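Inspection log for the structure reproduced underneath, given as structure tokens.
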Amino acid sequence: MSVNDETADTKAAVTTRKPTPELDRRRFLNQLSLALSGVVAVLLGVPVIGFLISPLLRKVPRIWRSVGALDDFKEGDIVEVTFEDSSALPWAGLTQKTAAWLSRQQGDKFVAFSVNCSHLGCPVRWEANAQLFMCPCHGGVYYKDGQVAAGPPPRGLTRYPVRIQSGNVEILTSPAPIT
Amino acid sequence: METLRKLWLWFDDRTGASAIWKATAGHLVPPNTGWWYVFGSATLVAFIVQVVTGIALATIYVPSTADAYHTLQFINHGATLGHLLRGLHYFGASAMVLFVGIHVTRTFLMAAYKYPREMSWLSGSALLLLIVGMGFTGQLLRWDQIAFWSVYIAAEQAGRVPLVGKTLAHFILAGNTVGGATLSRFYAFHVFFIPMLIFGSIGAHLYLVIRNGISEPPQKGHPVDPKTYRRWYEDLLKREGRPFWPDAVWRDIVFAAAVIVVLLVLAWAVGAPQLTKPPDPTILVAEPRPDWYLLWYFALLALIPARLENYVIVLGPLFFVMFLVLPPLIANKGERSASRRPWAVAMVLACWMLIATLWIQGRRSPWSPDFTAIPLPETVVGATSGPVYEGAQLFHSKGCEYCHSVSGYGGHRGPDLTDVGERLTTDQTTIRIMNGGTNMPAFGSTLSGQELNYLVTFLASRKSQHAAETMMSEREHRIFAAKPMLGAGNTS
């Protein structure tokens, strides 16, 4: 309490006194200190924040990854395929892998679905007998073409670009779909 | 002895230690602060357990996406006392959440947020939010399969924020996908950043207790008047105040000791949750669930109508923060006694009932397909061959049983079909299966005509025991007369 009272007293004294060289100097020093503190805070803050948001600025290349030979996939089947991220960090371990649901529809027509439910990102399972994708979290269900069949998903499963290149099926590495 | 005394006097003169002790531990508190006042200090004690066990765990834990899972396995199964330490950290976290919940309820019911303790309430609110943040980031550091998918769930929720959602989501992921940078980021938040804020907020929270005093137990007909309250409180302390140490603190310490013993017993006997499968993005059989303290929120996300979802995900947390911030700003004077504040009591009851109901739903999660459903046993099916039997097999293999239960087997997403044969005609059942409906996929394109017939026959045979006995002969005759190819006689 006594500390507060003192500050209050000094303030009152400062405001009531007439401007003198002494007070001008004090005002200048006050402003100098505040301004300098602000400047060094920015000097330190910019690189730190820049470092923290650097993952957002990093350009991640997108690469076509082979997920198997064309003949490995049967028409009408939907199977899980796995491939590596385009530029995983050296200590990424298991997480450098990615999965997708690959559907060979007719002939050479392939569709690759993200495994993330469009509701909140949980991994959907392909239930081959029921011919449905089902999400274990909040009960999202999709048909085999990725369209919503039931539950809370706001839209169908995200599709990844897929192509056939010299007898291999390739998927383009893509960012995680955020609804 | 004399040397020791001199040494102490020197130390005390240079540091002012005894003056600080007198001003803090010796500060006067109102009489009759009973056992309801222990939960603030209990939260602090649980936090200290978290700091101590957290530092110990950090001596082994490696926050890299490649190694974290293995180091946790080692802590659990290899390191001496590692199992106990992890258990303590888990139950310590649970205790913190539980006690801070009771503490905030107690202070709200006693209106301790009123003048002059508004800032105590606000700093406590900050602590409550920080503790929830610790709980969530802590579960992620477990870095098993559930933790891995939880990052996506967090990012998806952040992604619902207008305009900056995607950026926020990728900030949480620390990139385009969950990868090398993700875990280190959550580690830094869990171990440095949020604890730093917690230490600061606890400092402020405790300083305010010394500055404004502990709120006296409220009395009916003693409203708070900002003009006179401070003087009145000082007089109360002068008349009846007693030193915090030891007159009031003994309850805190007895309770804290009990808490520590219970934590030790739980950590030793129950232990922290087992790690699930490794954080492998290609293992798609996973059932992400938050730890118990966020299970109610998990339930909320499943149960809100789809069109309100974005509002709840984005505005829900904001509304919660507002709910915490508003009381001291709009009602900082007047009656403090709960018996004179029926709306306050109603709000607390509503909050706890909402959370409890959602929590129970979260434990059952009836909206999720039950992937563990086993084929219906013969006693339920009532046939070992023929259309009813075939239909029962399809009921399981086609996924119907994930969502519908029959005689206690199966999931709860859709209606119970134990006696559906009494409620729906075969035509209605057929249409429903073919076209689907609210929250039910259409199976028209995935079932053959034969399969559909089997399924419908099986479902038509689902009747309550009593109804089955009285209605069987007449009804069966009608059903199977319409579909002669199915044959009759397998429904009993």
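Bear in mind these aren't lab numbers, they're just calculated from the coordinates by the rules spelled out. What you see is a predicted model, and the numbers here were worked out from it, not measured in a lab. Cβ sites come from the backbone with ideal geometry, for glycine too, and all protein chains shown count toward neighbours.
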Original post:
When the Kirkwood radius is taken over all Cα pairs of segment B:4-46, what Stokes-Einstein diffusion coefficient follows at 25 °C and 0.890 mPa s, in µm²/s?
Top reply: 189
Original post:
Label A:Ala35 and B:Met347 with points 7 Å out from Cα along Cα→Cβ: what is the distance between them in nm?
Top reply: 4.6
**OP:** Would you mind getting me the FRET efficiency between A:Trp64 and B:Lys166? Use the beta-carbon distance for r and R0 = 25 Å, nearest 0.05.
**Re:** 0.55
Original post:
What dipole magnitude, in Debye to the nearest 20, does segment B:281-365 give about its Cα centre under +1 on Lys/Arg Cβ and -1 on Asp/Glu Cβ?
Top reply: 340
Original post:
Using every alpha carbon pair in chain A, what percent of pairs falls into each 5 Å bin from 0 up to the bin containing the largest distance?
Top reply: 1, 7, 11, 12, 11, 9, 7, 4, 4, 3, 3, 4, 5, 5, 4, 3, 3, 1, 0
Original post:
So what's the convex hull volume per residue for the Cα atoms of segment B:151-203, in Å³?
Top reply: 80
Subject >> Against the rule of thumb 2.2 N^0.38 Å, how large the Cα Rg of segment B:35-178 comes out >> reply: 1.25
Subject >> Loop-resident sites, segment A:25-106, for trypsin sites (Lys or Arg not before Pro), counting at most 15 other Cβ within 10 Å (DSSP) >> reply: A:Arg58, A:Lys59, A:Arg62, A:Lys74
**OP:** Please report, in cubic angstrom per residue, the volume enclosed by the convex hull of the alpha-carbon atoms of segment B:316-361.
**Re:** 74
Original post:
Average partner chain C-beta neighbours within 10 Å, per residue of A:162-171?
Top reply: 0
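Quick one: compute a quarter of the convex hull surface over the Cα atoms of segment A:114-156 and quote it in nm².
The number I arrive at for segment A:114-156 is 2.4 nm².
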**OP:** Pop the C-beta distance of A:Asp108 and B:Ala23 into the FRET formula with R0 = 60 Å and round what comes out to the nearest 0.05.
**Re:** 0.15
Subject >> Isolated Cys in chain A, by beta carbon distance under 4.7 Å >> reply: none
**OP:** Treating only the Cβ atoms of Lys and Arg (+1) and Asp and Glu (-1) as charged, compute the dipole magnitude of the protein assembly as shown about its Cα centre; round to the nearest 20 debye.
**Re:** 2260
**OP:** Report Rg(Cα)/(2.2 N^0.38 Å) for segment B:117-242, keeping two decimals.
**Re:** 1.56
**OP:** Using only the Cα atoms, work out Rg/Rh for the protein assembly as shown, with Rh taken as the Kirkwood radius, to two decimals.
**Re:** 1.07
Subject >> C-alpha long axis of helix A:2-16 to longest principal axis of chain A, angle in ° >> reply: 70
Subject >> Mean Cβ neighbour count within 10 Å, used as a protection proxy, ranking B:125-133, A:139-147 highest first >> reply: A:139-147, B:125-133
Original post:
With each pseudo-label sitting 7 Å past Cα toward Cβ, what's the B:Leu4-B:Thr80 distance in nm, one decimal?
Top reply: 3.2
Subject >> Acute angle (nearest 10 degrees) that the helix B:68-77 long axis makes with the longest principal axis of chain B, alpha-carbon atoms >> reply: 80
Subject >> For segment B:166-172, Karplus couplings with θ = phi - 60° (6.51, -1.76, 1.60), whole Hz, Gly/Pro x >> reply: 4, 4, 4, 4, 6, 5, 5
Subject >> Calculated diffusion of chain B, Stokes-Einstein form, Kirkwood radius summed over Cα pairs, 25 °C and 0.890 mPa s, µm²/s >> reply: 90
Original post:
Cα-Cα pairs above 18 Å in segment B:224-356: how many percent?
Top reply: 78
Subject >> Degrees separating the helix B:118-141 axis from the principal Cα axis of chain B, which is the longest one >> reply: 50
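Given 10 °C and 1.306 mPa s, compute D for segment B:294-374 with the Stokes-Einstein relation, Rh being the Kirkwood radius over Cα pairs; round to the nearest whole µm²/s.
105
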**OP:** May I ask for the longest run of chain B untouched by trypsin sites (Lys or Arg not before Pro) that are loop-located per DSSP and have at most 15 neighbouring C-beta atoms (other than their own) within 10 Å?
**Re:** B:1-219
**OP:** Sticking with the crude label model, points 7 Å out along Cα→Cβ, report the distance from B:Phe323 to B:Leu264 in nm, one decimal please.
**Re:** 3.8
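Would you calculate a helix-derived [θ] at 222 nm for chain B, using -39,500 (n - 2.57) for each DSSP H run of n ≥ 4 and dividing by the full residue count, to the nearest 500? Working shown, then result.
Details: 22 runs with 306 residues, N = 492.
Result for chain B: -20000 deg cm²/dmol, rounded to the nearest 500.
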Original post:
Placing +1 at every Lys and Arg Cβ and -1 at every Asp and Glu Cβ, with all other atoms neutral, what dipole size does segment A:11-125 have around its Cα centre, in debye to the nearest 20?
Top reply: 1180
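For segment B:358-400, would you read off the P(r) tail past 16 Å as a percentage of all alpha carbon pairs?
48
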**OP:** Fewest Cβ neighbours within 10 Å first, please rank B:Ser407, B:Ser215 accordingly.
**Re:** B:Ser407, B:Ser215
Subject >> Fraction in percent of alpha-carbon pairs per bin - 5 Å, segment B:1-107 >> reply: 2, 10, 12, 12, 11, 11, 11, 12, 10, 7, 2, 0
Original post:
In Å, what is the Rg of the alpha-carbon atoms in segment B:267-315, and how long is Dmax?
Top reply: 15.2, 46
**OP:** Per residue of segment A:135-152, in order, report the coupling 6.51 cos²θ - 1.76 cosθ + 1.60 (Karplus, θ = phi - 60°) as ³J(HN,Hα) in whole Hz, putting x for Gly and Pro.
**Re:** 9, x, 7, 10, x, x, 10, 10, 6, 5, 8, x, 6, 5, 9, 6, x, x
**OP:** For segment A:32-137, just run the numbers: alpha carbon Rg, then divide by 2.2 N^0.38 Å, N being how many residues it has.
**Re:** 1.72
Original post:
From the backbone phi of segment A:161-171, what are the Karplus-calculated ³J(HN,Hα) couplings (6.51 cos²θ - 1.76 cosθ + 1.60, θ = phi - 60°) in whole Hz, Gly and Pro given as x?
Top reply: x, 9, 8, 10, 10, 6, x, 10, 8, 10, 10
Subject >> Average beta carbon contacts from partner chains per residue of B:279-289, 10 Å cutoff >> reply: 6
Subject >> Extension reserve of the B:Val314-B:Asp416 stretch, reckoned as 0.36 nm per residue once the Cα distance is removed >> reply: 33.3 nm
**OP:** Report the GluC sites (Glu not before Pro) located in segment A:38-147 that are in a DSSP loop and have at most 16 other Cβ atoms inside 10 Å of their Cβ, or state none.
**Re:** A:Glu75
Subject >> Debye-sum result for segment B:375-458 in log10 I(q)/I(0), which assumes one identical scatterer on each alpha carbon, at q = 0.14 Å⁻¹ >> reply: -0.41
Original post:
Per-residue mean of other chain beta-carbon atoms within 10 angstrom of the beta-carbon, peptide A:144-150?
Top reply: 3
